[in-house]
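To keep things clear, I will list the structure first and then write my remarks on it.
Where a number appears in this text, it was derived from the coordinates with a stated rule and is not lab data. Quick caveat: nothing in here was measured; it's all calculated off a predicted structure. Note: ideal-geometry Cβ built from the backbone for every residue, glycine included; neighbour counts use all protein chains shown.
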Amino acid sequence: MSNTDLNALGLCVEPGAGILICGYGECKHALSVRASHVTTYLWEKHKVPLEARKNLTKSLKTLNLQNSDRAPPRNDGSPEHPLL
Ligand SMILES: [Zn+2]
């Protein structure tokens, strides 16, 4: 899957950080790429049809992206996710 395909789904990769960002409208949500999170997210939040999402999870694995929850600490100094 190319970046063009990701863009068609409203997704883009944050340069440098390797984090997937939802660019649907003004969403700008950083997405975890763990398991099928992204495809589930696209359906639940944006109603992206299965036809458009069917190869997404597999393709994302080839992009070697970071999980957003491993991103640098948040600006407010709050700890990482309590379950990690
Ligand atoms: Zn979104």
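Key figures for this structure:
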read-out: Candidates per chymotrypsin sites (Phe, Trp or Tyr not before Pro) in the stretch 1-50, loop by DSSP, up to 16 other Cβ within 10 Å; value: Y24
read-out: Nonlocal amide H pairs with V13, under 5 Å, H built at 1.01 Å; value: I21
read-out: Separation in nanometres of the label points that stand 7 Å from Cα toward Cβ, at K28 and A8; value: 2.7 nm
read-out: Dipole magnitude of the stretch 3-70 about its Cα centre (Cβ charges: Lys, Arg +1; Asp, Glu -1), debye to nearest 20; value: 200 debye
